[in-house]
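Let me begin by presenting the structure, written as structure tokens, before commenting on it.
The values are calculated or read from the model by the stated rules, or taken from the named source; none is laboratory data. All figures in this text were calculated on a predicted structure; none of them were measured in a lab. Neighbour counts run over all protein chains shown; Cβ positions are idealised from the backbone, glycine included. Heads up: the accessible areas ignore ligands, DNA and RNA and are worked out on the full protein's heavy atoms, side chains in. Shrake-Rupley method; radii C 1.70, N 1.55, O 1.52, S 1.80 Å.
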Amino acid sequence: MSDSGISATPRPAGERAELLRIWATPQGWRLPSAVNNTVIGLFYLGAAFAFFLLAGIVALLMRTQLAQGDATFLSQDLYNQMFTMHGTTMMFLFAVPAMEALGVMLLPQMLAARDLPFPRLSAFAIWAYVIGGAVFFSTIFYGLAPKGGWFMYPPLTLTAYQPGDNADFWLLGIGFIEISAIAGAVEIVVGVLRTRPPGMTLSRMPIFGWSMLIFAGMIIFAFPAVILATMLLEIERAFGWPFFTAARGGDPLLWQHLFWFFGHPEVYIIFLPAAGLVSMMVPTFVQTPLIGYRLIVVALIGTGFFSFGLWVHHMFTTGIPSLSLAFFSAASIAVAVPSGIQVFSWIATLAAGRERLRLTTPALFVLGFLFIFTVGGLTGIMVALVPIDLQVHDTYFVVAHFHYVLVGGMVFPLFATFYYWAPAFSRRALSERLGRWSFWLMFVGFNVAFFPMHLTGLAGMPRRVWTYPGDIGWDGLNLLSTIGAYILAAGVLVFVVDLVRNFRPGGGAGNVWNAGTLEWLPNDVYSTRSIPLVTGRYPLWDQPNLARDVEAGAHYLPDAPTGGRETLVTSTVEAEPQYVLQMPGAGWSQVLAATFTAAFFLLLTIKLVWIAAVCGVLAVLFCLVWAWGLDPGPARGKVAVGAGLTLPSYMTGPQSHSWWAMVVLMLVAASLYIAYVFSYLYLWTVSPEVWAPAGAAPLPPLSRPLVAAAAFLAGLGLIVVAGRSLPPPGQRGWVAPIALVVGACLLATAVATEILGHIEMGLEPQATAYAAMVFLAGALAGQVVAAVLVMALFVAARILCARTDRERRNSFDHTLQLARYAVGQSLFGLLLVHGFPRLVA
Amino acid sequence: MVRGIGFVRALLGLLAGPSIWAGHFGLVYGGHAALCGAGDRLPLVARADLPWLLLVATGSAVIALLALAVSGRLTGWLIGTSDLPDEADFLVRVARLLSALSLFGVLASGAGMIVLPGCQLLR
Amino acid sequence: MRRRRLAPVLCAILAAGVAGCEGEQSALWLRGAEAERIGLLFWVTTAFLALVLVATVVAGWLAVRGSPKIRSAIADDRFVIGAGLFFPMISLAALLVWSLTVMAQRPVATDAPFAVRVVGEQWWWRVIYRLPDGTEFESANELRIPVGRPVTLTLESADVIHSFWVPNLAGKVDMIPGRANRLTLEALEAGVSRGQCAEYCGGAHALMAFHVAALDEGDFARWLAAERRPARAGDAGGAVLFRQFGCGACHRVRGMPGAAGRIGPDLTHVGSRRAIGAATLPNGAEAIARWIAENQHIKPDNRMPAYRILSPAELRRLADFLADLT
């Protein structure tokens, strides 16, 4: 008997060989087709780190320019492109992807899952990001880089002031990170909630799991705001719909609201996973469980919420009434409390240690993080107070503040992570000697570079200036900052040398830190030999024989009962085993879909519309090819998963993992729509004079929206009927596919009816912000309905090929889920567009 | 089979406090911005109603959060029970602490209403 | 005033040896009413937070290196709740309420003898004074106000978002197309402060600065009387060059025929200003000549073409004429 109550009868020979064969990573030129989380996670992290180095080099060039007043090392135009690229790259191409990459690499290992629940989705996101990001960054080399700042405020970024393609490249770059972030959120929510090992209840989950869950939740609600914002900006740039033009009823501040509703949570989206990693490392350093686990969970959730009440904190100087500012100041103050909880929990854990902290390289980076992040948090309190912010906003004080928060809160933990987890992914650990050099250079360099910036800012130096007068007294501080920047860069360089000399992917060097969590179990390409039954927060400490038993195959899924890649799905709270998830392996369809998605956006940016359209169609096509092989059906029946347990190998309805993924996707769509409703109402408060009926073409008669609503409901009804008439297993049917496609077409007709109604009344989207908003409602409905239509055609084809039926029905169910959402959103849209103007008239 | 806590109940219970904070925040900021921006063009309410609206919203949020933070039974009822008592206990404790934290957030927002007047810019 | 003596001392402690506290663009040289209100809050907050930082570092050090007794006291949920939850809640609430009362100290109603509109344009400042009798006159890149009298500015934008910031006097306020923001400036002592655009506004954002001169009552009245008068007729030859090269198409010189342009800065009394090019070059005939010929080099992308076609003598004469417009 092992300590977890699972008997260790010897497993049949050949099981391990079978697992190795099934989970083998494609070699050579086939490597890009791989989907194993450790492999693509490494690509992801490598790409993110490469962008960190590139954006860092850009920063060094800027610091060189600023070392003295009146310098001419860089031109004004190049500098403006550089600071835009530095911010955009660091935030969008480095910080968020790096955190997602760690989620992809570490989460399944910590949960002892064989892979993330949707392996090809991660791969798709990564390839779209790598291709798109590389092209986006390269624009700096031929002077096409955006120069509107990473925040891209209109009207500066409208065609009137930036006619070239530069701003479009920014919108493009952001498009890729939107795709990969949302794909990541889907993976992580489902992965954390459904693929934990048996026994790992929510209260036993590693803190990194909690922080990634909240990270994903925040992406679901924050990213849609910036997706909408970028849509509005691109539509205004391309077609002249005046969302941001004050003269036609738009408002530049709408962009700021949307951008910062995303932008401030974004800071915490970056910080929370890093904090989670620190909560994983500190207990290992001192060989003791985390003090205040529960408080840290509270802090993470609290931060996630409060961070959505901070966005106007970037707009304190825009002339919003004082009381509104006070609400945001209050939330900015409140968000400091959870950070305090975490800092003191870590300190308490350090004090609780059975042994005193040994200053290894990861420990040094964590201590460096604690100091730098605390300084950044405290200056954060200063900028949260409105009066102080009125002075320091948009100065170097703020530059210092957020570098302390972001470099302290994210980069230092990331380097600690590199040194701490490298032995889990590399045959050799990184060098302690080089690590120390790297730490001290980075720590000293960072403080020398950024501490003086507080003073430079107080001395009056604004941000985003390519030069300053030599006689104004800012030279000394700036020179110091430049020297610090080079020292910091030297530290990073030492790390790169260490990486090149010592990092050898594969195998892993074993549990070198004597850590207590599952990622340190012996593992191979298939992850752990068997999926353990967990009884505590630190299984490797609580269950002394766990590693041996797991390796002997004594726990769950020691073999591959369905003959392919699979992992265990458990219940959300108590982690009770539910079913075996069959997942796809290596393949090219997601790589091609990603490539054509990237090509579509890139070609659109340089206005090659027709080739772009072809690529877009190809991208959708390859997504369908990829989806064709999914939804395996119940053919394999129930399978034995070891330890005397038998589970189904297929699941439909609300228990299935893909149902959850659809719910996440619908939450994203709903957040996007809420951001739209906010924008509509907001613009009305700013310029009611352009609203119908007084300020615009009259609304269509009420019969029009009623007809549209009837068509929406009839379409949905037909799709429901299709569900009732799905053929029995293994057979084909004609009723269901026809009802499905006709139903989806009815939805499309309803959207067209609504849009045409406004066109007939003479409303033109270019005329006013009101008109633009009305047509946008139609466009947003059309977007979801188009997705329903594609899915309906796809499922109809599956039914005709006997791949979808009454029992094997996930593909259909998800189409119905989306159709329900589409109809709900569209009906609400009709109510808003036709009801609101009549209500306030 | 373990009889467990449903995910929706757990989510509801855990996030009750923070959601009340979020609802309150959206209401007072949204209400304030709408009334100050749209003046008296809104149906049903007028700018003069602002102090009352803010007071009622804040008062009810404070009462609800106090109840959630203080009463383990109320929160326990929201979350439900599990065959693993430690699990329910953990979730209830986290939920109550979150309600307490949210209470701080609501009170901090409320401070502005006492000190600052309605719609002025004060610059 | 007590506070105003305290601040420089604190400043010297914090930033020993660093120029900046007394700088004409420093946010720590408290020469305006709003700047002063903010300054006190700033210093007290800074001092308090510095103490918190020291305490946190000490706690961290004790957690690692302290005696077993101290370590076991720290290694406790109660320590986390006390230091990480209750202490921040109480102290931050106090800071928040104080900062709100600072916001509530609204500027006194203005009784200034004029109203001012400042319009941000890429990349300079149009300044429009309006007297009680309704007369308006324009200046650029320089604002003059009387000491001790609150002056309310209306801040607008002609193109993109800018931000009006004179750190010595007050915090910043953005200038946003379609909106008119307000800011009340009250200078507490006579002297010149430098301001700069604080919101990135494209190309030459770095070179969009201005000066605010606070004048004593008498000096201000004399300046106002002079400023509202049209330009005096100067060197006729210079005026001919001004017209010949089309300067008047963009620049106005009040009282001079053929010089009614509205695109660029009003040059009626350009010679009396401290600087040209939106506080990019110190004023003077030589600087003006350089500006006319090389402005695209001095301030890239600005809307004025570089006039390299003037002969050195012509350039000199035109610059002298402009520098004479006082």
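Within the range A:299-319, the residues that satisfy the criterion of being at the interface with chain C (Cβ under 9 Å from one of its Cβ atoms) and crowded, with 24+ Cβ neighbours inside 10 Å are A:Ala299, A:Phe316, A:Thr317.
Looking at (1) modelled with pLDDT under 90; (2) open to solvent by 40 Å² or more (accessible area, probe 1.4 Å); (3) in contact with an Asp or Glu (Cβ under 8 Å, 6 or more places away or on another chain), which one does A:Asn545 not meet, given that it meets all the others? Tallying (1) modelled with pLDDT under 90; (2) open to solvent by 40 Å² or more (accessible area, probe 1.4 Å); (3) in contact with an Asp or Glu (Cβ under 8 Å, 6 or more places away or on another chain), A:Asn545 fails exactly one: (1). Can you confirm whether the range A:248-256 contains a residue that is touching a helix residue (DSSP H, G or I) at 6+ places or on another chain (Cβ under 7 Å), among the hydrophobic types (A, V, I, L, M, F, W, C) and buried (at least 24 other Cβ atoms within 10 Å of the Cβ)? Yes: the range A:248-256 contains one or more residues that are touching a helix residue (DSSP H, G or I) at 6+ places or on another chain (Cβ under 7 Å), among the hydrophobic types (A, V, I, L, M, F, W, C) and buried (at least 24 other Cβ atoms within 10 Å of the Cβ). Scanning the range C:153-174 for residues that are among the aliphatic types (A, V, I, L, M) and outside any loop (DSSP other than H, G, I, E, B), which turns out nearest to the other protein chains (Cβ to nearest Cβ)? If we take residues in the range C:153-174 being among the aliphatic types (A, V, I, L, M) and outside any loop (DSSP other than H, G, I, E, B), then C:Val173 is nearest to the other protein chains (Cβ to nearest Cβ).
Would you be able to say whether some residue in the range A:530-541 is outside any loop (DSSP other than H, G, I, E, B) and among the charged types (D, E, K, R)?
no
Can we say A:Leu290 is within 14 Å of chain C (Cβ to nearest Cβ) and either in contact with a Lys or Arg (Cβ under 9 Å, 6 or more places away or on another chain) or among the aromatic types (Phe, Trp, Tyr) (or both)? Yes; evaluated as a whole, the condition is true for this residue. Listed residues A:Phe373, A:Phe365, A:Phe344; which is touching a Pro at 6+ places or on another chain (Cβ under 8 Å), of a type in the set (A, V, I, L, M, F, W, C) and more than 11 Å from chain B (Cβ to nearest Cβ)? Selected residue: A:Phe365, the only one of A:Phe373, A:Phe365, A:Phe344 that is touching a Pro at 6+ places or on another chain (Cβ under 8 Å), of a type in the set (A, V, I, L, M, F, W, C) and more than 11 Å from chain B (Cβ to nearest Cβ).
Of all residues in the range A:817-841, none satisfies the criterion of being crowded, with 16+ Cβ neighbours inside 10 Å, without any contact (Cβ under 8 Å) to a residue 12 or more places away in the chain and within 21 Å of A:Gly695 (Cβ to Cβ). Restricting attention to the range C:184-233, the residues that are facing chain A (nearest Cβ under 9 Å), among the hydrophobic types (A, V, I, L, M, F, W, C) and either part of a strand (DSSP E or B) or loosely packed, with under 15 Cβ neighbours inside 10 Å (or both) add up to 1. For the range A:425-465, a residue qualifies if it is in a helix (DSSP H, G or I) and within 24 Å of A:Thr88 (Cβ to Cβ), and the qualifying residues are A:Met442, A:Gly445, A:Phe446, A:Ala449, A:Phe450, A:Met453, A:Thr456, A:Gly457. For first residues located in the range C:294-319 and touching a residue at least 60 places away in the same chain (Cβ under 8 Å), partners that are of a type in the set (Ser, Thr, Tyr) and lie 6+ apart or on another chain with Cβ distances below 6 Å form the pairs C:Lys299/C:Thr280.
For B:Thr75, the conditions (1) over 23 Å from C:Leu92 (Cβ atoms); (2) facing chain A (nearest Cβ under 10 Å) all hold with the exception of (2).
The conditions of being away from chain A (no Cβ under 13 Å) and open to solvent by less than 40 Å² (accessible area, probe 1.4 Å) are met by B:Gly59.
Right, A:Phe92: of a type in the set (Phe, Trp, Tyr) and at pLDDT 95 or above or not? So A:Phe92 does not fit the description; no.
Given the condition over 12 Å from the mean Cα position of the chain (by Cα), among the β-branched types (Val, Ile, Thr) and more than 8 Å from chain A (Cβ to nearest Cβ), answer yes or no: does some residue in the range B:95-110 qualify? There is no residue in the range B:95-110 that is over 12 Å from the mean Cα position of the chain (by Cα), among the β-branched types (Val, Ile, Thr) and more than 8 Å from chain A (Cβ to nearest Cβ).
If you go through the range B:57-94 and keep only what is farther than 11 Å from B:Ala10 by Cβ, over 13 Å from the mean Cα position of the chain (by Cα) and part of a helix (DSSP H, G or I), you end up with B:Val70, B:Gly72, B:Arg73, B:Leu74, B:Thr75, B:Gly76, B:Trp77, B:Pro85, B:Asp86, B:Asp89, B:Arg93.
Working only within the range C:72-84, note down all residues that are part of a helix (DSSP H, G or I) and out of contact with any helix residue (DSSP H, G or I) (no Cβ under 6 Å at 6 or more places or on another chain).
C:Ser72, C:Ala73, C:Asp77, C:Arg78, C:Ile81, C:Gly82
Do we find that A:Phe678 is at pLDDT 95 or above, surrounded by 16 or more Cβ atoms within 10 Å (Cβ to Cβ) and in the same structural domain as A:Ile759 (by TED's automatic domain parsing) in this structure? Answer is no for this residue. When the range B:19-44 is filtered for residues that are over 17 Å from A:Ser679 (Cα atoms), among the small types (Gly, Ala, Ser) and either open to solvent by 20 Å² or more (accessible area, probe 1.4 Å) or in a helix (DSSP H, G or I) (or both), the ones remaining, listed by number, are B:Ser19, B:Ala22, B:Gly23. Looking only at the range A:135-189, residues that are of a type in the set (Ser, Thr, Tyr), touching a residue at least 60 places away in the same chain (Cβ under 8 Å) and closer than 22 Å to A:Ala598 by Cβ come to 1 in all.
Please work out if C:Phe79 is of a type in the set (Phe, Trp, Tyr) and within 7 Å of chain A (Cβ to nearest Cβ). Answer is yes for this residue.
Scanning the range C:30-71 for residues that are over 21 Å from the mean Cα position of the chain (by Cα), more than 7 Å from chain A (Cβ to nearest Cβ), assigned to a helix (DSSP H, G or I) and small (Gly, Ala, Ser) returns C:Ala47, C:Ala50, C:Ala55.
Being assigned to a helix (DSSP H, G or I), out of contact with any Lys or Arg (no Cβ under 6 Å at 6 or more places or on another chain), free of Cβ contacts under 8 Å to residues at least 24 places away in the same chain and crowded, with 24+ Cβ neighbours inside 10 Å is a property that A:Pro387 has. When you scan the range A:729-752, do you find a residue that is surrounded by 22 or more Cβ atoms within 10 Å (Cβ to Cβ), more than 14 Å from chain B (Cβ to nearest Cβ) and part of a loop (DSSP other than H, G, I, E, B), even just one? No, the conditions are met nowhere in the range A:729-752. The set of residues from the range A:549-590 being of a type outside the set (Phe, Trp, Tyr), assigned to a loop (DSSP other than H, G, I, E, B) and within 22 Å of A:Ala123 (Cα to Cα) comprises A:Gly564, A:Arg565, A:Met583, A:Pro584, A:Gly585, A:Ala586, A:Gly587.
Give the residue, chosen from A:Ala101, A:Ala113, that is among the small types (Gly, Ala, Ser), within 20 Å of the chain's Cα centre (by Cα) and away from every other protein chain (no Cβ under 14 Å).
None of the other options fit; the residue is A:Ala101.
Scanning the range C:128-143 for residues that are surrounded by fewer than 21 Cβ atoms within 10 Å (Cβ to Cβ) and touching a residue at least 12 places away in the same chain (Cβ under 8 Å) yields C:Ile128, C:Tyr129, C:Arg130, C:Leu131, C:Pro132, C:Thr135, C:Phe137, C:Glu138.
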